[in-house]
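Engineer: Let me give you the structure first, and then I'll get to my questions.
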Amino acid sequence: MHTDPDCLFCKIVSGRIPARKIHEDDELVAFHDINPAAPVHFLIVPREHIESLAEASEHHQALLGRMMLLAARLAPAQGANPGREGGFRIVINNGREGGQEVLHLHMHVMGGPRPWRRG
Ligand code: 5GP
Ligand code: ZN
């Protein structure tokens, strides 16, 4: 599996940089965003170093689906309110103009009572 020794999120995945992890399995790791934009704000990343969604291929189809399902499962567990009046937001920034700062594919999952600082 491809990893990049200089990548911040590869370092978090491997434990070389600490993070408040909330989930780990053989393919995915989830951890709290260091600068949360909402009462609930965590990131889901693949263990594999994929630079962005644009770099993902057919081979990653199941992995991308698992990221979505994990988001929906972890959001209420992390404090997002259930039902229509609650909910959560998923954001994947892609490339510099897409607002991506860390070049390792990640899904933002945000929720909790509004207003939020961003979005
Ligand atoms: P992007 O702008 O690339 O979509 O989002 C990167 C996110 O990573 C930002 O929301 C930022 O707060 C978060 N982040 C940056 N550095 C760290 C870190 O060292 N630890 C954690 N937990 N989050 C980080
Ligand atoms: Zn990486």
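The values are calculated or read from the model by the stated rules, or taken from the named source; none is laboratory data. Everything quoted here is computed from the prediction, not taken from an experiment. As a convention, Cβ positions derive from the backbone with ideal geometry for all residues, glycine included, and neighbour counts pool all protein chains shown. Side chains are part of the model used for accessible areas, which takes the heavy atoms of the whole protein and leaves out ligands, DNA and RNA. Shrake-Rupley method; radii C 1.70, N 1.55, O 1.52, S 1.80 Å.
Engineer: Do you know which residues across the range 89-113 are more than 16 Å from ligand 2 (Cβ to nearest atom) and either part of a loop (DSSP other than H, G, I, E, B) or of a type in the set (Ser, Thr, Tyr) (or both)?
Structural biologist: The answer is 96, 97, 98, 99, 112, 113.
Engineer: Specify which of the listed residues (1, 68) is open to solvent by 50 Å² or more (accessible area, probe 1.4 Å), more than 21 Å from residue 97 (Cα to Cα) and at pLDDT below 95.
Structural biologist: 1
Engineer: Only one of (1) open to solvent by 50 Å² or more (accessible area, probe 1.4 Å); (2) assigned to a strand (DSSP E or B) fails for residue 43. Which number is that?
Structural biologist: (1)
Engineer: Right, next: Just wondering, is there one or more residues in the range 91-109 that are away from ligand 1 (no atom under 13 Å from the Cβ), loosely packed, with under 13 Cβ neighbours inside 10 Å and at pLDDT 95 or above?
Structural biologist: No, that holds for no residue.
Engineer: Okay, next question. Taking the conditions exactly as written (assigned to a loop (DSSP other than H, G, I, E, B), open to solvent by less than 50 Å² (accessible area, probe 1.4 Å), within 14 Å of ligand 1 (Cβ to nearest atom) and closer than 22 Å to residue 17 by Cβ), does residue 50 satisfy them or not?
Structural biologist: yes
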